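The values are calculated or read from the model by the stated rules, or taken from the named source; none is laboratory data. Here the structure is a predicted model, which means the values were calculated and not measured. Note that we place each Cβ from the backbone using ideal geometry, even for glycine, and neighbour counts take in every protein chain shown. Surface areas here come from the heavy atoms of the whole protein model, side chains and all, with no ligands, DNA or RNA. Shrake-Rupley method; radii C 1.70, N 1.55, O 1.52, S 1.80 Å.
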Amino acid sequence: TVPAAGYVLSALELRGLSHDVPGELFVYLAKDSQLSLLVLNGGGAFSITNITLLLQDDGVALPADLNQASHSGPFAPSSALSTFATPGMNWNGGWLLMAGNAGSGQGSLDTWCLTFSPNNSAV
């Protein structure tokens, strides 16, 4: 449970991500069907196997080829996670991670995790 006020969504971690054509991969994060963001627009033609990606707004840009992202991070998501910080946002409740392909590639994800941190910019 996350307190209703004073916190922000600070990170999304994708663990055990594999895909045979990561350039076809798109990942969206949604909250209670109210807001949906493209958080990962994959890249590259070389397969990725069992990598972990940590996505944070202050991360560096993802490399053009995701198989080069398996050893460092955090990386910036395609759309800022801070977009979820709308007035009155209730962090508790349903979160949905959706993945899709632009082609015929196949992939899997072991698990994913959201991290909420105190909003230090609040005065």
Please tell me if residue 82 is part of a loop (DSSP other than H, G, I, E, B) and either open to solvent by 40 Å² or more (accessible area, probe 1.4 Å) or within 14 Å of residue 14 (Cα to Cα) (or both). no
Just for segment 108-123: of the residues that are part of a strand (DSSP E or B) and modelled with pLDDT under 90, which one is most open to solvent (accessible area, probe 1.4 Å)? 118
Can you run down the residue pairs with Cβ atoms below 9 Å, 6 or more apart or on separate chains, where the first is in segment 79-105 and more than 30 Å from residue 24 (Cβ to Cβ) and the partner is polar (S, T, N, Q)? 85/119; 86/34; 89/34; 91/1; 92/1
From 38, 109, grab the single residue that is touching a Leu at 6+ places or on another chain (Cβ under 6 Å) and not charged (D, E, K, R). 109
In segment 58-79, which residues are assigned to a loop (DSSP other than H, G, I, E, B) and open to solvent by 70 Å² or more (accessible area, probe 1.4 Å)? 61, 64, 71, 72
Any residue at all in segment 38-57 that's modelled with pLDDT of 80 or more, among the acidic types (Asp, Glu) and surrounded by 16 or more Cβ atoms within 10 Å (Cβ to Cβ)? yes
Starting from segment 8-34, take each residue that is within 13 Å of residue 84 (Cα to Cα) and list its partners that are open to solvent by less than 30 Å² (accessible area, probe 1.4 Å) and β-branched (Val, Ile, Thr), counting only C-beta distances under 8 angstrom and pairs at least six apart or across chains. 12/39; 28/39; 29/39
